[in-house]
Structures are given as structure tokens and as C-alpha cells.
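Undergrad: Supplied in C-alpha cells, the structure appears directly below.
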Amino acid sequence: MPTVFDMTGSTAMFRKPYTTTSSVSYPFPPPTAIAGIVSAIVGFENNADKDGYSAAFWRKISGNRVGIRLLSSVKWYKTTLNFWNVKEPQKNPHIQVKHQFVKDPSYRIYVNGPVEDELERYLSQDRFVYTPYLGVAYAIAEVKYVGRFESEKISGDGVLVNTILPYNSDDVEIDLLKSGGLHREIVPFKMNDQRNLEETITVLYSSNRNQQGIFVKKVGNLEVSKVGKDTVAWFPTW
């Protein structure tokens with residue numbers, strides 16, 4: 001039975017890796033960020049104290065899959081942050097770097113796989129091993145346990161999905177008119193235990209929570225399940 005929890009905060013910043021001078025954020029935590037958040041809650045070690053590049057938690061998080069739902073409309077704000085100038089401190093001890101943040105984010109996370117029992121144990125007691133945050137350490141996440149629900153696989157076409165949708169244009173067909181307009185992103189999906197990106201994935205999402213969801217005319221190989229009252233499109237298993 002999938003374990004479900006909500007994450008909210010005053011701000012979030014899931015930095016797009018290709019941005020340099022200015023830090024630009026994804027509007028939601030990509031699957032790689034969810035892997036880190038779940039691992040932090042249950043206490044999977046990353047062994048970074050022995051090797052700065054280590055992300056050993058990927059060995060334990062493998063075999064699980066997730067779904068992600070936006071519970072609030074995507075809102076942005078931009079500001080600059082002061083950083084130490086470590087390259088040329090003799091010229092100027094500080095530099096200002098532009099940042100794009102998600103304002104008042106709220107997400108629902110669905111977790112299905114071997115970790116769900118241990119995750120439920122921590123969430124139900126309002127506990128975690130390491131502090132979960134929304135992309136950056138100064139964006140602390142407020143985590144609320146929603147529950148565990150039976151997962152009923154949905155077969156057949158013509159499905160209204162409530163979550164972010166992993167998208168393969170050769171296999172899945174969307175009704176854009178009924179969906180009311182969608183955004184498309186390529187997000188990091190899987191990394192190895194040395195923090196090297198192994199796989200990306202294309203997703204579709206609605207930035208307006210007032211829209212009903214994503215109307216899928218042809219499901220194809222997409223895994224869709226009824227979890228509680230929500231219809232979840234699952235990301236592939238890590």
C-alpha cells in the first residue's frame with residue numbers, strides 16, 4: 001500500500017543544473033530530489049563524510065517508485081543572495097547571485113515499494129532522521145503524513161490524472177483542450193551513488209491547481225493507479 005505525505009514551505013528552490021550565473025528552479029521536486037527527501041526521513045546514509053561525492057542512499061532507494069502532485073498553483077519570486085567571493089576575495093569579499101524561488105509551494109508525494117513501511121513508521125510518529133528541505137538547506141519542509149491507501153491499477157484509456165505525468169510522446173496521448181494547457185519539462189530522474197546523473201525523464205504538468213488535471217486519451221505503457229481519492233501516474237521504478 002503506497003505511503004502518502006504532503007510537503008509545504010514558504011519557499012523552495014530545486015536548482016536546474018545547467019544554470020550558472022543565475023540559479024533557476026524547477027517548479028516541483030524532481031524524482032532525484034524526492035529520493036533524497038525520502039532517504040533523509042528514514043535515515044539512509046549517503047557516506048558524504050567519507051567521500052564528498054558519495055550518495056550511497058541510491059543503493060537503498062532503488063526498487064521504489066513515486067508520484068508527485070502539485071497542491072498549489074506555481075508562483076515565482078526572484079531575489080539576490082549574498083555569497084562569499086571565494087575566487088577573487090581580494091577584489092570584493094562578497095558577490096550577489098540572482099535566484100529564482102518557488103513561493104509557498106505545496107506538494108503531495110506518493111511512495112510505493114520496499115521503503116514504504118519504514119517511511120510510514122517515521123511519518124506516522126511525526127519523526128525524521130535528517131531534516132527534510134525543499135531543494136536548499138534554508139528552505140525547510142513541513143512534512144505532514146496523509147496515510148496509506150490501497151492501490152488499484154487503472155486499465156483502459158480516457159483517464160483523468162491528478163499528478164505530474166511522465167510523458168512519452170510515442171506511447172501516451174493527451175487531450176490538451178480538456179486539460180486546459182500544460183507545461184513540459186525534462187527533469188533528472190535517476191542518479192548513481194557518486195551523484196552522476198544516469199537518466200532524465202520528460203514530464204507534463206499543470207501550473208494551476210484549479211485545473212481538473214491531465215486528460216490522458218491513450219495510456220499506453222504508463223502506470224496509472226487509484227490511490228485513495230487521487231489518480232496517480234507513477235514514475236518508473238528506480
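Undergrad: Evaluate E = 1/(1 + (r/R0)^6) for Ser124 and Asn208, where r is the Cβ-Cβ distance and R0 equals 35 Å; express this FRET efficiency to the nearest 0.05.
TA: 0.65
Undergrad: Take a quick pass over the stretch 1-142 and tell me how many lysine pairs come in under 21 angstrom between Cα atoms, counting only ones 8 or more apart or on separate chains.
TA: 10
Undergrad: When the accessible area of the chain is computed with all protein chains present and a 1.4 Å probe, what percentage of it is carbon and sulfur?
TA: 47 percent
Undergrad: The stretch 56-106: D in µm²/s via Stokes-Einstein (Kirkwood Rh, Cα pairs, 37 °C, 0.692 mPa s)?
TA: 219 µm²/s
Undergrad: Additional query: In Å², and per residue, what accessible area does the stretch 6-143 have when probed at 1.4 Å with the other protein chains present?
TA: I get 52 Å² per residue for this part.
Undergrad: With every protein chain left in place, what is the accessible area of Phe235 in Å² (1.4 Å probe, nearest 10)?
TA: Near enough 0 Å² of accessible area.
Undergrad: Could you compute the net charge surrounding Phe83? Neighbours are other residues with a C-beta less than 15 Å from the C-beta of Phe83; K and R count +1, D and E count -1.
TA: In short, +3.
Undergrad: Another one. Restricting to Cα atoms and excluding each atom paired with itself, what does the Kirkwood estimate give for the stretch 104-238 in Å?
TA: Across the stretch 104-238, the inverse of the average 1/r is 16.7 Å.
Undergrad: Report, by chain and number, residues whose modeled amide H sits under 5 Å from the one on Ala141, excluding near sequence neighbours (fewer than 5 apart, same chain).
TA: The list, which skips near neighbours in sequence, is Tyr133, Leu134.
Undergrad: Related question: Under the classification rounded if a/c is under 1.5, otherwise prolate if a/b is larger than b/c and oblate if not, where does the stretch 26-138 fall, given a ≥ b ≥ c as square roots of the Cα gyration tensor eigenvalues?
TA: Taking the square roots of the gyration eigenvalues as a ≥ b ≥ c, the stretch 26-138 is oblate.
Undergrad: Pick the calculated Kirkwood radius over Cα pairs in Å for this structure from [x] 20.2; [y] 22.1; [z] 18.8?
TA: Here Kirkwood radius over Cα pairs in Å agrees with entry [z].
Undergrad: Net charge near Asp193, counting Lys/Arg +1 and Asp/Glu -1 over other residues with Cβ under 14 Å of its Cβ?
TA: +2
Undergrad: Note the count of lysine pairs whose C-alpha atoms are less than 28 angstrom apart in the stretch 122-234, limited to pairs 8 or more residues apart or on different chains.
TA: 21
Undergrad: Further, regarding this structure: Which whole-number percent gives the relative contact order of the stretch 176-238, counting Cα pairs below 8 Å spaced six or more residues apart?
TA: 27 percent
Undergrad: Further question on the same structure: From zero up to wherever the largest Cα-Cα distance of the stretch 74-176 sits, split into 10 Å bins and tell me the percent of pairs in each.
TA: In whole percents, the pair-distance histogram is 10, 26, 26, 23, 11, 4, 0.
The values are calculated or read from the model by the stated rules, or taken from the named source; none is laboratory data. All of these numbers come straight from a predicted model, not from anything done at the bench. All Cβ positions, even for glycine, are placed from backbone atoms using ideal geometry, and neighbour counts span all protein chains on display. Side chains included, ligands, DNA and RNA excluded: accessible areas come from the protein's heavy atoms. Shrake-Rupley method; radii C 1.70, N 1.55, O 1.52, S 1.80 Å.
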